[in-house]
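Take a look at the structure set out below.
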Amino acid sequence: MVEPLAAALNDPDEGVRSAAIYSIIELLSNVDTQKSHSIRERIVTELQDADDATVEPIVEILEESSQQRQRRNAAWFLGRVVDEPNRKTVDVLVDALESDDTQTAQFAATSLAEMGGELVEDELLELVESDAPDDARAQGVFILGKVGGERSRDVVENLTEDDSKQVRKRAFSAISKLKGR
């Protein structure tokens, strides 16, 4: 079942590629957990050379789906198939850090860390200084510890005095990583 869908990812018709992405996400949302890992890896191999037309449906699923499993899979895939993220991709992943579903938020965090770069850092700096929920801000600080630069270090150092214990704890951890670079 996976092979025809994977083959459709290379179809010249954008509609076919989009339908294949939606079908793959739906398939993974319903497959047994033990089988999903091997299927994911095969699909990631097919999506590694994905262009924006292939990535866009994944972004839409994360942004619009009300099904947690679909959102989790979309967040997971984005970190493995996007080499140079655009603003919309990063924004959707940063928004997913505020998800009520812990796994979706964790997959979004992992994907943002995988992507890295200045755009990711910019959006995370904005998040950690906002009035977003403490869980999301703490995740943002954690990711900044992995991908941040000099600008992040200054902001994260200030967060060691944040009102949130969770944010403070992550800030101390992130500072040691940022100073190690």
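Kindly check whether there is at least one residue in the range 152-161 that is part of a loop (DSSP other than H, G, I, E, B) and charged (D, E, K, R). No, every residue in the range 152-161 fails to be part of a loop (DSSP other than H, G, I, E, B) and charged (D, E, K, R).
Would you point out which residue out of Gln103, Gln139 is in a helix (DSSP H, G or I) and either touching a strand residue (DSSP E or B) at 6+ places or on another chain (Cβ under 6 Å) or surrounded by fewer than 18 Cβ atoms within 10 Å (Cβ to Cβ) (or both)?
Testing whether each residue is in a helix (DSSP H, G or I) and either touching a strand residue (DSSP E or B) at 6+ places or on another chain (Cβ under 6 Å) or surrounded by fewer than 18 Cβ atoms within 10 Å (Cβ to Cβ) (or both) leaves just Gln103.
Taking the range 76-101 as the range and being over 23 Å from Glu129 (Cβ atoms) and not aromatic (Phe, Trp, Tyr) as the test, the residues that pass are Leu78, Gly79, Arg80, Val81, Val82, Asp83, Glu84, Asp101. Out of Glu123, Glu129, Glu150, Glu161, one residue alone is under 17 Å from Glu63 (Cβ atoms) and either of a type in the set (Asp, Glu) or in contact (Cβ under 8 Å) with a residue 60 or more places away in the chain (or both). It is Glu123. Of the residues making up the range 56-78, those that are open to solvent by 10 Å² or more (accessible area, probe 1.4 Å) and in a helix (DSSP H, G or I) number 10.
Hey, among the residues in the range 111-134 that are assigned to a helix (DSSP H, G or I) and farther than 13 Å from Val94 by Cβ, which one's least open to solvent (accessible area, probe 1.4 Å)?
At the first step, the residues of the range 111-134 found to be assigned to a helix (DSSP H, G or I) are 111-115, 118-128, 134.
In the following step, the residues that additionally are farther than 13 Å from Val94 by Cβ were identified as 114, 118, 134.
Details: Glu114: 117, Glu118: 130, Asp134: 68 Å².
Top of the filtered list is Asp134.
Within the range 12-26, identify whether any single residue is under 23 Å from Met115 (Cα atoms), of a type outside the set (D, E, K, R), modelled with pLDDT under 75 and in a helix (DSSP H, G or I), and answer yes or no. The answer is no, given that none of the residues of the range 12-26 is under 23 Å from Met115 (Cα atoms), of a type outside the set (D, E, K, R), modelled with pLDDT under 75 and in a helix (DSSP H, G or I). Considering the range 3-29 alone, what residues qualify as being farther than 17 Å from Val81 by Cα and in contact with a Lys or Arg (Cβ under 8 Å, 6 or more places away or on another chain)? Matches in the range 3-29: Asp11, Ser29. Evaluate the following for Val90: is it assigned to a helix (DSSP H, G or I), closer than 23 Å to Asp11 by Cβ and either at pLDDT below 85 or open to solvent by less than 50 Å² (accessible area, probe 1.4 Å) (or both)? For Val90, the condition - assigned to a helix (DSSP H, G or I), closer than 23 Å to Asp11 by Cβ and either at pLDDT below 85 or open to solvent by less than 50 Å² (accessible area, probe 1.4 Å) (or both) - is not met.
Right, Glu121: closer than 19 Å to Arg80 by Cα and at pLDDT 95 or above or not? Considered against the rule, which asks whether it is closer than 19 Å to Arg80 by Cα and at pLDDT 95 or above, Glu121 comes out as yes. Quick check on the range 149-167. Is at least one of its residues at pLDDT 95 or above, open to solvent by 30 Å² or more (accessible area, probe 1.4 Å) and of a type in the set (A, V, I, L, M, F, W, C)? No - not one qualifying residue is present in the range 149-167.
The values are calculated or read from the model by the stated rules, or taken from the named source; none is laboratory data. These numbers come from a predicted model, not from an experiment. We place every Cβ from the backbone using ideal geometry, glycine too, and count neighbours over all the protein chains shown. Calculation scope for accessible area: heavy atoms of the full protein, side chains included, ligands and nucleic acids excluded. Shrake-Rupley method; radii C 1.70, N 1.55, O 1.52, S 1.80 Å.
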